[in-house]
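Data first, discussion second: the structure below is written as structure tokens.
Since every read-out is calculated from the coordinates, none of them should be taken as a lab result. Owing to the predicted nature of the structure, the values given are computational and were not obtained by experimental measurement. Here the Cβ is made from the backbone with ideal geometry for all residues, glycine too, and neighbour counts use every protein chain on show.
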Amino acid sequence: MATIASLNVILRAKTAAFDRQLKKSSAQIKAFQRNVGMAAQKASRFARNLLLVGVGAAAATVKAYAEQETGIIAMESALRSTAQSVEDWSAKLQAVAADIQRNTVYGDEFILGLMAQATNLGTTAREMEKTTKFAIGLATALKMDLATSLRYTALATQGEFTMLRRYIPELRSTIDVVKQLAIVQRVAASGFAQARAETKTLRGQVLQLKNQFGDLAEHVGSVIAPSLRGLM
């Protein structure tokens, strides 16, 4: 009987130990499952975030391309509306805009929009490079926005200097149209030299770098955009 009793004690002890080990193992398995689940969730979130970053980057490139395309379309539309040849002038004016971007802080898509405005104000494609640089120079020298400067440039080339007399007192010294235009041209030339010099400053270099990244984004966007159009 003693032996049986001893065996019962030993058996109960082993059973209890087994139960404890089983519970411990079960807890470890559950902890492992939780860890696996958490890791899977993190991986899922990471993949989702990575996808969102990719989609966001793609959207940014398409937006950059769309802005460039809008500038070109506006410029070409202005040429057509003034009976000027798109075939003869579009590529040339885009090259002028790219050259101005290389030498100032203004992006070519912005310059193309400015050219469209200038065309609507009466500037011919043949005069466009000179007029655009004139407007940039005047804006820089007189600390005014380019849209206003462009209007004043158009007026000046037509012999109207009333508004500019507020900014350039020297214009009040003569009523001779040729002399007045020469004064404004001198101010604009000085201003354009300042605009070129701005590219040597830290701010100017940052803006030029931004424009270069913009050009890269436009190129990538031009590849993606046709696929998006196919889905619409």
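Say R0 is 30 Å: what FRET efficiency, to the nearest 0.05, do residue 73 and residue 124 get from their beta-carbon distance?
0.95
Tell me the volume per residue, in Å³, of the convex hull enclosing the alpha carbons of region 58-139.
Hull volume over Cα atoms, normalised by residue count, gives 90 Å³.
What translational D, rounded to a whole number of µm²/s, comes out for region 58-231 from Stokes-Einstein when the hydrodynamic radius is the Kirkwood one over Cα pairs, at 20 °C and 1.002 mPa s?
Reported coefficient: 125 µm²/s.
Using θ = phi - 60° and the Karplus form 6.51 cos²θ - 1.76 cosθ + 1.60, what ³J(HN,Hα) does each residue of region 124-135 get, whole Hz, x for Gly and Pro?
With the stated coefficients, region 124-135 comes to 7, 4, 5, 8, 4, 4, 4, 5, 5, 5, 4, 5 Hz.
Per 0.36 nm of contour for each residue apart, how much would the distance between residue 83 and residue 206 grow if the chain were fully extended, relative to their Cα-Cα spacing?
40.4 nm
Which of the aspartates and glutamates could be linked to residue 92 by a straight reach, that is with a Cα gap under 17 Å, when you skip same-chain ones fewer than 8 residues away?
Residue 92 reaches 69, 76, 108, 109, 127, 129.
Once you place label points 7 Å from the Cα toward the Cβ at residue 151 and residue 66, how far apart are they in nm?
Rounded to a tenth, the inter-label distance reads 2.9 nm.
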